[in-house]
Amino acid sequence: DVKVTQSSRYLVKRTGEKVFLECVQDMDHENMFWYRQDPGLGLRLIYFSYDVKMKEKGDIPEGYSVSREKKERFSLILESASTNQTSMYLCASTGTSGSIGTIYEQYFGPGTRLTVT
Amino acid sequence: QKEVEQNSGPLSVPEGAIASLNCTYSDRGSQSFFWYRQYSGKSPELIMSIYSNGDKEDGRFTAQLNKASQYVSLLIRDSQPSDSATYLCAVLIQGAQKLVFGQGTRLTINP
């Protein structure tokens, strides 16, 4: 079974703090993703990575950065947390297969509910 | 036009009936399609994937794909109250390395 774990289920931080969210997958997947999910807005992609030390901006990268130093670990960093970053943060991973690198099933971690006060 | 569209619901279905969830997508070149179930406060869980036209069955779930009509659906037979959740449709856009998700359909199964 694919397992994606996230460092915290619930997190409360103060405005201006630097926040680190960690994600680890145990299936040797190449691709990893960070989303946030808010009521009425659905899943929104923040950043993704298709290889170690590689990163691509998603739809809403502003205010966030990422780090992928090892294949199994993908970190999301809030440089200076703000109240509008209060949200559910979801990490996901997928493998690739075939000569064209087609992504198949994407698996999610349990999520981190972050509250910024 | 949104890339992946779903009726947000809520969709209410009596217990034991068939629940039908629908999804349309705009990229004609899309090849991979997925259905996720998400319970309130939890993360999305992959329940079905489909890559070829036609039906794919897994237990009480059947995914149906019609690429000509750019339409994918999920049928849940013998619906149970535990099926009450939000169902997300996801599509792999051609040439991309990321999924595009619909907004989700909230399904309620009434005992």
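The values are calculated or read from the model by the stated rules, or taken from the named source; none is laboratory data. From a predicted model like this one, the values you see are computed outputs, not experimental measurements. Counting neighbours? That spans all protein chains shown, and the Cβs are built from the backbone with ideal geometry, glycine included.
I need a count of the residues in segment B:87-111 that are more than 8 Å from chain A (Cβ to nearest Cβ) and either surrounded by 21 or more Cβ atoms within 10 Å (Cβ to Cβ) or in contact with a Cys (Cβ under 8 Å, 6 or more places away or on another chain) (or both).
Of the residues in segment B:87-111, 5 are more than 8 Å from chain A (Cβ to nearest Cβ) and either surrounded by 21 or more Cβ atoms within 10 Å (Cβ to Cβ) or in contact with a Cys (Cβ under 8 Å, 6 or more places away or on another chain) (or both).
Could you check B:Ile18 against (1) surrounded by fewer than 14 Cβ atoms within 10 Å (Cβ to Cβ); (2) in contact with a Leu (Cβ under 8 Å, 6 or more places away or on another chain); (3) modelled with pLDDT under 95 and say which number it fails?
Every listed condition holds for B:Ile18 apart from (3).
Here is a check on your reading of the model: is B:Ser79 away from every other protein chain (no Cβ under 14 Å) and crowded, with 18+ Cβ neighbours inside 10 Å?
Here the answer is yes, as B:Ser79 does meet what is asked.
When segment B:10-41 is examined, which residues are found to be under 12 Å from the mean Cα position of the chain (by Cα) and of a type in the set (Phe, Trp, Tyr)?
B:Tyr25, B:Phe33, B:Phe34, B:Trp35, B:Tyr36
In segment A:7-36, which residue that is buried (at least 20 other Cβ atoms within 10 Å of the Cβ) and among the polar types (S, T, N, Q) is farthest from B:Lys98 (Cα to Cα)?
Across segment A:7-36, the extreme among qualifying residues is A:Gln25.
Please specify each residue of segment B:50-63 satisfying the condition of being within 30 Å of A:Pro39 (Cα to Cα), within 13 Å of the chain's Cα centre (by Cα) and surrounded by fewer than 18 Cβ atoms within 10 Å (Cβ to Cβ).
Once the filter is applied, which keeps residues that are within 30 Å of A:Pro39 (Cα to Cα), within 13 Å of the chain's Cα centre (by Cα) and surrounded by fewer than 18 Cβ atoms within 10 Å (Cβ to Cβ), segment B:50-63 yields only B:Phe61.
Can you name the condition, by its number, that A:Leu41 falls short on among (1) hydrophobic (A, V, I, L, M, F, W, C); (2) exposed (fewer than 13 other Cβ atoms within 10 Å of the Cβ); (3) more than 14 Å from every other protein chain (Cβ to nearest Cβ)?
Only one criterion in (1) hydrophobic (A, V, I, L, M, F, W, C); (2) exposed (fewer than 13 other Cβ atoms within 10 Å of the Cβ); (3) more than 14 Å from every other protein chain (Cβ to nearest Cβ) is unmet by A:Leu41, namely (3).
Give segment A:51-103 a look and list any residue that's touching a Ser or Thr at 6+ places or on another chain (Cβ under 7 Å), among the hydrophobic types (A, V, I, L, M, F, W, C), more than 12 Å from A:Arg36 (Cα to Cα) and at pLDDT 95 or above, or say none.
A:Val66, A:Phe74, A:Ile77, A:Ala81
Give me the pairs, please: first residue somewhere in segment A:24-36 and under 12 Å from A:Gln6 (Cβ atoms), second residue anywhere and aromatic (Phe, Trp, Tyr), beta-carbon distance under 6 Å, and either six or more positions apart or on two chains.
Within 6 Å, the pairs are A:Met32/A:Phe74; A:Trp34/A:Tyr47.
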